[in-house]
Amino acid sequence: MDWRRLPLYQALIASDSGSRRDDLLAGAITAILLIPQGMAYAMLAGLPPQLGLYASILPPAVYALFGSSRALAVGPVAVAALMVAHALHAYADGESQEWMNGALILAAETGLVLLLMRVLRLGTLVQFISHPVLSGFTSGAAILIIVSQLKHLTGLSISANAPLATLGAVAEQLPASNSATLLFGGTAIVLLLAARTPLISLLCRSGLAPRTASLVSRMAPLAVVLLATALAAWTDAAERHGLAIVGAIPAGLPRPSLDFLQASGWLELAPSAALIALVGYVESISVAKVLAARRKQKVDPNQELTALAVSNLAAAAVGSMPVAGGFSRSVVNFEAGAQTQLAGIVTALLVALVALFFTGWFQHLPHAVLAAIIVVAVAQLIDTDTARHIFAYDRGDGLTLLATLFGVLAFGIDVGLIMGIALALALFLRRTSEPHMAVVGRVPGTEHFRNIERHQVDCLDQILMLRIDENLYFANISTVENFIEAQLNLRPETRYVLLVMSAVNFIDSSAEEQLELLEESLRAREIELHLSEVKGPVMDRLSKTRLGSELSLRIHLSSHLAMQDLSARLAADTHEQS
């Protein structure tokens, strides 16, 4: 391998010593956020907390070598963790070893799916997930995550998985909640929320620069974790008050192993892994592009597939869980001043130090505090502003968003996402199968042609001039024909039909065949079919067909020239008849 071709090497040789200092600071601050988040998301996936630390060591370092984004922070993420838990419920049925093996299989298969996407250059596949679908999916997943953490915030034993059933069980058993758990979880939520805008405002009024105040507030999760752990240990809350705690966390680094390759369930978990790969890639590339645009940098979608693929394969090799680029961590990394991917390596080294020497500090860490970190982090994913904007702009897209959200809540994240994608594609087919078409005329004194229903224009009774504002394919060509026929019935004097093709970028074989039949039908009625403003790629295809040969002298460069020619022919015919 030529190391000089790696994105990290290219970024380092283009940076200076000041950038190195910025990377060290950004890596340290991101590690402070990643340590509690990693353990929390491992708990969300139903895994031991150390696996969240393991997923925050080798995978970020591997991504730093291969990733094209200089600010993306890779590690465990909330939505992927929830998808892992959802996939393993049926697979492992509560068996801890099978659950662990399933998580490793999912990480490996996620990496393989991403690698296959890279080989096939499917970086643009994310375009099939529209923004309304993605917004509805993330909002629905966030609600599921929040509901799933209620049992950890209340100390109740709840076996229900469906959100409504879980809420009902919580409401019914709330009087039996563990008071210590409620106290630790509720206080943690309040402190984490206060560490945002209120703390930043307080620090700014105290004289700190806004950027410094923002970075200090990012340390709040780790501070809350350490304070809660110390308080739980000092009060012996686990023994005296029944507070659920993490317990002993094995110290040391993960040992690479491929024993999970012999486990069963690869085919069973493959569909879930494919969805985890797709969602993880969409989340990662979206964040990477936004952050890169702020500094006028570029992100290579296919290189990101490679980087995320090897990161997930590395996660499987060290016994961890699927990883992706996290939104909150990446923003922190960016705002902390990360200039190159070196910041990710610094983060990985610091998390490794914690895993080696400081896991004992977290033995008395309450589950309720980890749940509070999860709840506060994912609450940002519930995007009501986007939902209002989408509904105001397009009701169909708004319904797609709602259908995806309720699909996730009612049927699960896998089915909900597939429902959203299917509905968005169905909506697209419906829209394109009923294309906008307009009878157009000349704006007086110009060479411009506009819709007769929107503008004052000049028209000739013998010329039906239609503009088609959509590509022509099997699903809409009949609608186009019906529209032409309806207009001809309204204009019995028509001698020429002129189709303005300025908005047509593609004509499939079914539409071409129907256009040929249309031309024959019109000719039988002594009406000539003409085309104008046909684009080059469309013309290239038509030139190979009988329709193209038939219309070779009736395809005009512009609508203005077409109207000049047809008007002259009408004038000549009138002169001959007179």
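The values are calculated or read from the model by the stated rules, or taken from the named source; none is laboratory data. Since the model is a prediction, treat every value here as computed from it, not as a measurement. When we count neighbours, we look across all protein chains shown, and the Cβ atoms used for this are built from the backbone with ideal geometry, even at glycine. SASA here: full protein model, heavy atoms, side chains in, ligands and nucleic acids out. Shrake-Rupley method; radii C 1.70, N 1.55, O 1.52, S 1.80 Å.
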Problem - Scope the stretch 349-387; condition over 21 Å from Leu51 (Cα atoms), open to solvent by 80 Å² or more (accessible area, probe 1.4 Å) and in contact with a helix residue (DSSP H, G or I) (Cβ under 9 Å, 6 or more places away or on another chain); matching residues - result: Gln380
Practice task
Answer yes or no as to whether Ala90 is part of a helix (DSSP H, G or I) and at pLDDT below 90.
Solution key: yes
Practice task
Output yes when any residue across the stretch 265-282 is in a loop (DSSP other than H, G, I, E, B), open to solvent by 10 Å² or more (accessible area, probe 1.4 Å), small (Gly, Ala, Ser) and modelled with pLDDT under 90, and no when none is.
Solution key: yes
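Sort out which residues of the stretch 165-187 are open to solvent by less than 60 Å² (accessible area, probe 1.4 Å) and more than 17 Å from Thr229 (Cα to Cα), and write them in order of number.
Ala165, Thr166, Gly168, Ala169, Val170, Ser177, Asn178
Checking the condition within 22 Å of the chain's Cα centre (by Cα), assigned to a helix (DSSP H, G or I) and farther than 18 Å from Ala80 by Cβ, which residue from Gln303, Gln297 passes? Even if it seems obvious, please write down each step before you answer.
Values: Gln297 fails: assigned to a helix (DSSP H, G or I).
None of the others qualify; the one that does is Gln303.
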Practice task
Please give the helices (runs of 4 or more DSSP H) falling wholly within the stretch 125-241 in which 1 or more residues are more than 23 Å from Met83 (Cβ to Cβ), free of Cβ contacts under 8 Å to residues at least 60 places away in the same chain and of a type outside the set (A, V, I, L, M).
Solution key: 150-154, 163-173, 179-194, 197-205, 210-217, 220-235, 237-241
Fill in the blank from the handout: Selection from the stretch 406-417 of residues of a type outside the set (Gly, Ala, Ser) and either free of Cβ contacts under 8 Å to residues at least 12 places away in the same chain or within 16 Å of Ser148 (Cβ to Cβ) (or both) yields Val408, Leu409, Phe411, Ile413, Asp414, Val415
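Determine, yes or no, whether Val79 is within 21 Å of Val310 (Cα to Cα) and either at pLDDT 90 or above or among the aromatic types (Phe, Trp, Tyr) (or both). Please lay out each step first, then the result.
Details: within 21 Å of Val310 (Cα to Cα): yes; either at pLDDT 90 or above or among the aromatic types (Phe, Trp, Tyr) (or both): no.
It is false that Val79 is within 21 Å of Val310 (Cα to Cα) and either at pLDDT 90 or above or among the aromatic types (Phe, Trp, Tyr) (or both).
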Practice task
Evaluate the following for Val287: is it farther than 28 Å from Met39 by Cα and among the hydrophobic types (A, V, I, L, M, F, W, C)?
Solution key: no
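Residues are listed down the side, and each one gets a yes or a no for (1) without any contact (Cβ under 8 Å) to a residue 40 or more places away in the chain; (2) more than 41 Å from the chain's Cα centre (by Cα):
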residue: Ile484; (1), (2): yes, no
residue: Gln487; (1), (2): no, yes
residue: Leu490; (1), (2): yes, yes
residue: Arg495; (1), (2): no, yes
residue: Ala503; (1), (2): yes, no
residue: Leu518; (1), (2): yes, yes
residue: Arg523; (1), (2): yes, yes
residue: Ser567; (1), (2): no, yes
Exercise for the section: Could you look through the stretch 416-447, keep only residues that are among the aliphatic types (A, V, I, L, M) and either over 21 Å from Val133 (Cα atoms) or in contact with a Gly (Cβ under 6 Å, 6 or more places away or on another chain) (or both), and pick out the one that is most open to solvent (accessible area, probe 1.4 Å)? Expected result: Met419
Fill in the blank from the handout: Given (1) farther than 30 Å from Leu183 by Cα; (2) surrounded by 12 or more Cβ atoms within 10 Å (Cβ to Cβ), His241 misses just (1)
Completion exercise
Over the stretch 358-390, the set of residues over 25 Å from Ser157 (Cβ atoms), at pLDDT below 90 and not aliphatic (A, V, I, L, M) is Phe358, Thr359, Gly360, Trp361, Gln380, Asp383, Thr384, Asp385, Thr386
Exercise for the section: Mind checking which helices (runs of 4 or more DSSP H) fall wholly inside the stretch 457-554 and carry at least 2 residues that are open to solvent by 50 Å² or more (accessible area, probe 1.4 Å) and in contact with an Asp or Glu (Cβ under 7 Å, 6 or more places away or on another chain)? Expected result: 546-550
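Here's the yes/no breakdown for (1) assigned to a helix (DSSP H, G or I); (2) touching a strand residue (DSSP E or B) at 6+ places or on another chain (Cβ under 8 Å); (3) over 14 Å from Val318 (Cβ atoms):
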| position | (1), (2), (3) |
| --- | --- |
| Met43 | yes, no, yes |
| Gln50 | yes, no, no |
| Leu72 | no, yes, yes |
| Ala81 | yes, no, yes |
Fill in the blank from the handout: If we keep only residues of the stretch 94-140 that are at pLDDT below 90, within 22 Å of Glu268 (Cα to Cα) and hydrophobic (A, V, I, L, M, F, W, C), then the residue least open to solvent (accessible area, probe 1.4 Å) is Trp99
